[in-house]
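Have a look at the structure below before the remarks.
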Amino acid sequence: MTGQTQSEPLVSVVLQTYNHEAYVAGAIDSVLMQEASFGIELIVTEDRSTDGTWAVVESYLSRGDPRIRALRSDTNLNSAEVTTRALRAARGTFIAYLDGDDHWTDPRKLAKQVAYLRDDPFCSMCYHDVVVIDHDAQVIQPSFRATHPAPPIASHREMIRENFVAGPSPMYRASALRALPEWFDALEFGDWALYLCAAMHGHLGYLPDPMAAYRVHAGGYWSGKARDDQFARLLRFHSLLAERGPEAWRAAFRATCAGIEAQQRAAAAGAQVRGGADGDVAERELDVSELAGRQDDGTAAIETGSAKVVRVGIRLGDRRLGTLDLVPENGRLSQDAIARAFAGSSMGWEALLLLFDQTVMSQVLYSSDDSGWTAWRSGAALAGGLPEAPAERRAALYEKAGWSILLAELIGAVSAGEVRTVGLMTAQGLTQQGEILHIDVAQPFPRVLAPLPSVRIALALGGQSLNEVSLEPVAGVISAERLRDEAHKMDYALARAAILEGVVGFAAGDPRPLRDRLKIGRRERDRVEV
């Protein structure tokens, strides 16, 4: 490793280790073999191993290599502090991460990732493919991506749903990890939590080269856990973030909690019937259009017979999105149950973004000047300072303005003149405060006249309930702008409701605006009910 002096490392490598005596030398050597024109420092953070791991680390420290530093716990911490103390000590502009039982295989790994992050100023973390090996370094799987598909550009939306980043692959901008949120210390999946922290500061980029070996063995933190324990830990992780994570992400984490619980039930049912008759698991195929405009009275239910688990393949037109494993009730699986599972799964968000590409992003125009590229839609600037490369420009636009554009597509405008009154005078006095005002957020927002201390308002998107709020009128008025602000707080709940209302399923490939699709969904339901 040559280039900068060791007082000025460009990359800090954090190597975290505990009871990795058989592997940690290989991990350290894979860092020291890196070929780069910049300075690199290696920070080994060791959590008071009970085997000979520390002796191996000491043997490297004794060589006097100025690139290597070590931090050791006084007692086994088994907490995020093992990671955060190394992050606090890191001096580099970029931080790479490695566990003591994994190793890097490409001597140009760090150089390639630094080049990637320098080329894309909007990317806060990049990662790459890895090979999966066993305890004897035999290849189990030549590509981690084969079972954990990673999008070329990802954001917090994809990272909330699942962890598709292999442990020895990420490199972060140090600026994205300087001020970790308070919830980080409470999470047990420190790697996944760091990816989410990085996603708060930019998008995530993927390099397809397999540049590391990820070891799966009985002593591994995750691979050594029983399936029930894995479900329990996943549920704790998502539940905590649903309660304490970023406000705009909480609804998505609640949806993943529901998905984990459904998978747990399906796995339990599958365990009960494993080795049974062929009819124990039934397979069905559905296009998303079959979930749109459905009736919720059970008339569209799928008969499942004696099957304990139904594996439902979901597609959007010609594109297959994935499968859902669901547990039927009384030999039937309602399409409403399928739709709700779909809306809360990664497939729901994927389908909505595909539709978003067709309906909204297809209308975006770009211009360039000395400050970079600017995205425009309907004569209004959406975001500026975008990269020149089309794929990176689009990814940066999604990160800067994608969610706000989606909200604008789903949420109605402020009404120019509609007024609603609550709390009218009657012979008995004012109407009761407990009465609820119902507002469809896809419609223009009214101005509400309310001579009451507070007004309970039920927000919905079409036929899907979003939330109930209590607002205090100001001088007897709740402005339309204030109602619209409340609707914007619904974030992911709005997207989920839009999926359930059928905006994805109707006329796949038709570039109609999302709000028009809501109207189509209502007309279809009215036609079916008649």
Fill in the blank from the handout: Rounded to two decimals, the Debye log10 I(q)/I(0) of the chain (Cα scatterers, no solvent) at q = 0.06, 0.10 Å⁻¹ is -0.36, -0.93
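Report in % the part of the accessible area of the chain that belongs to carbon and sulfur, leaving out ligands and nucleic acids; probe 1.4 Å.
Roughly 50 percent of what the probe reaches on the chain is carbon or sulfur.
Of all DSSP beta bridges in the chain, what percent run antiparallel (nearest 5)?
Working: 42 of 85 bridges.
Of all bridge pairs located within the chain, approximately 50 percent are antiparallel.
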Practice task
Report the FRET efficiency, 1/(1 + (r/R0)^6), for residue 475 and residue 381, where r is their Cβ-Cβ distance and R0 is 51 Å, rounded to 0.05.
Solution key: 0.90
Handout entry: Full-extension gain in nm, residue 135 to residue 188, via 0.36 nm per residue minus C-alpha separation
Key = 16.7 nm
Completion exercise
From DSSP H assignment alone, runs of 4+ in the chain each adding -39500 (n - 2.57), the sum over residues rounded to the nearest 500 puts [θ] at 222 nm at -9500 deg cm²/dmol
Handout entry: Cα-only radius of gyration and Dmax that characterise region 299-390, units Å
Key = 20.5, 66
Exercise for the section: Would you please give the FRET efficiency between residue 465 and residue 363, computed as 1/(1 + (r/R0)^6) with r the Cβ-Cβ distance and R0 = 30 Å, to the nearest 0.05? Expected result: 0.50
Handout entry: Nearby aspartates and glutamates by direct alpha-carbon distance to residue 109 (threshold 16 angstrom, same-chain neighbours under 8 apart not counted)
Key = 29, 35, 41, 99, 119, 129, 209
Completion exercise
Net charge (Lys, Arg +1; Asp, Glu -1) of residues whose beta-carbon lies under 15 Å from that of residue 476, residue 476 excluded, is +2
Exercise for the section: Excluding residue 343 itself, calculate the net charge of residues whose Cβ lies under 10 Å from the Cβ of residue 343, where each Lys or Arg counts +1 and each Asp or Glu counts -1. Expected result: +1
Fill in the blank from the handout: To the nearest Å², the heavy-atom accessible area per residue of the chain with 1.4 Å probe amounts to 44
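The values are calculated or read from the model by the stated rules, or taken from the named source; none is laboratory data. Treat the numbers as computed from the prediction; the structure is a model and nothing was measured. Counting neighbours? That spans all protein chains shown, and the Cβs are built from the backbone with ideal geometry, glycine included. Side chains included, ligands, DNA and RNA excluded: accessible areas come from the protein's heavy atoms. Shrake-Rupley method; radii C 1.70, N 1.55, O 1.52, S 1.80 Å.
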